[in-house]
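Notes follow the structure.
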Amino acid sequence: DIQMTQSPSSLSASVGDRVTITCRASQSISTYLNWYQQRPGSGPKLLIYAASRLQSGVPSRFSGSGSGTHFTLTVSSLQPEDFATYYCQQSYNTPPYTFGQGTKLEIK
Amino acid sequence: EVQLVESGGGSVHSGESLRLSCAASGFTVSSSYMSWVRQAPGKGLEWVSILYNGGRTYYTDSVKGRFTISRHNSENTLYLEMNNLRPEDTAVYYCARESSGWYDYWGQGTLVTVSS
């Protein structure tokens with residue numbers, strides 16, 4: 001199975017900051033990489049699919065990049081509602097479609 | 001509007017069974033790829049199973065032989081039959097619709113608690 005490793009596991013930042021979360025795959029997954037946001041008590045929400053495509057309705061301050069084994073999620077200017085946990089997920093080839101362990105973004 | 005509503009969670013003992021349901025609206029389950037994803041308390045997301053529109057299924061290794069994913073076409077509902085439950089199966093279980101490799105719609109989840 002493909003393993004996904006996110007870094008950092010947690011991150012403290014302030015409103016207005018630019019933050020970047022990294023996700024690495026244990027083997028090349030081309031651009032079969034998706035990012036989700038999860039707020040406490042809620043199901044995940046799709047932010048970015050196919051590594052860099054913004055899901056409809058998601059603010060443009062979110063962006064994704066990468067291919068192969070190295071991917072990033074960037075939030076250009078943090079808003080109060082962005083403090084949540086973020087997960088990457090690979091969907092390369094056949095299942096299981098594994099998730100990263102998550103990155104908790106907290107207010108500094 | 002697309003909606004997914006899970007039900008069927010509860011508290012059981014090791015070795016017992018539960019069947020989770022995911023009622024869908026706004027799209028057709030039988031034409032879609034549907035998955036179950038779980039989240040243990042305080043932990044991250046874990047992919048569990050997928051059912052393709054053609055009927056093929058996949059499972060994560062830890063549930064193979066114990067869990068079965070299925071659907072009822074006329075009720076537009078996805079199921080997860082869970083047998084021989086273990087304490088490590090304790091989690092919130094989400095159903096989600098897959099669209100070309102990503103999960104675009106998720107339910108609110110249903111909690112399964114397994115005690116030893």
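Taking every residue in region B:46-69 that is more than 10 Å from chain A (Cβ to nearest Cβ) and pairing it with any residue that is part of a helix (DSSP H, G or I) and of a type outside the set (Phe, Trp, Tyr), at least 6 positions away or on another chain, the pairs with Cβ-Cβ distances below 6 Å are B:Asn53/B:Ser31.
Of the residues making up region B:70-116, those that are free of Cβ contacts under 8 Å to residues at least 60 places away in the same chain, more than 14 Å from chain A (Cβ to nearest Cβ), farther than 16 Å from B:Thr28 by Cβ and under 14 Å from the mean Cα position of the chain (by Cα) number 2. When A:Glu81 is tested against (1) away from chain B (no Cβ under 13 Å); (2) assigned to a strand (DSSP E or B); (3) surrounded by fewer than 19 Cβ atoms within 10 Å (Cβ to Cβ), only condition (2) is not met. The residues listed here are B:Leu85, B:Leu80, B:Leu111; of these, the one that is buried (at least 19 other Cβ atoms within 10 Å of the Cβ) and over 25 Å from A:Gln90 (Cβ atoms) is B:Leu85. Going through (1) within 10 Å of chain B (Cβ to nearest Cβ); (2) farther than 26 Å from B:Thr60 by Cβ one by one, A:Thr98 falls short only on (2).
I need a count of the residues in region A:45-82 that are under 11 Å from the mean Cα position of the chain (by Cα) and on the phi < 0 side of the Ramachandran plot. Going through region A:45-82 one residue at a time, the tally reaches 15. Checked against the criteria, B:Ser49 counts as small (Gly, Ala, Ser) and touching a helix residue (DSSP H, G or I) at 6+ places or on another chain (Cβ under 9 Å). Of A:Gly16, A:Gly66, A:Gly57, all but one fail to be surrounded by fewer than 20 Cβ atoms within 10 Å (Cβ to Cβ) and not in a loop (DSSP other than H, G, I, E, B); the exception is A:Gly66.
For region B:8-49, enumerate the residues that are in a strand (DSSP E or B) and open to solvent by 60 Å² or more (accessible area, probe 1.4 Å). Hits for region B:8-49 are B:Ser11, B:His13, B:Arg19, B:Tyr33, B:Glu46.
The values are calculated or read from the model by the stated rules, or taken from the named source; none is laboratory data. The model shown is predicted, which means the values in this text are computed figures rather than measured ones. FYI the Cβ positions are ideal-geometry reconstructions off the backbone, even for glycines, and counts take in every protein chain you see. For the accessible areas, the whole protein counts, side chains as well, though only heavy atoms, and no ligand, DNA or RNA atoms are used. Shrake-Rupley method; radii C 1.70, N 1.55, O 1.52, S 1.80 Å.
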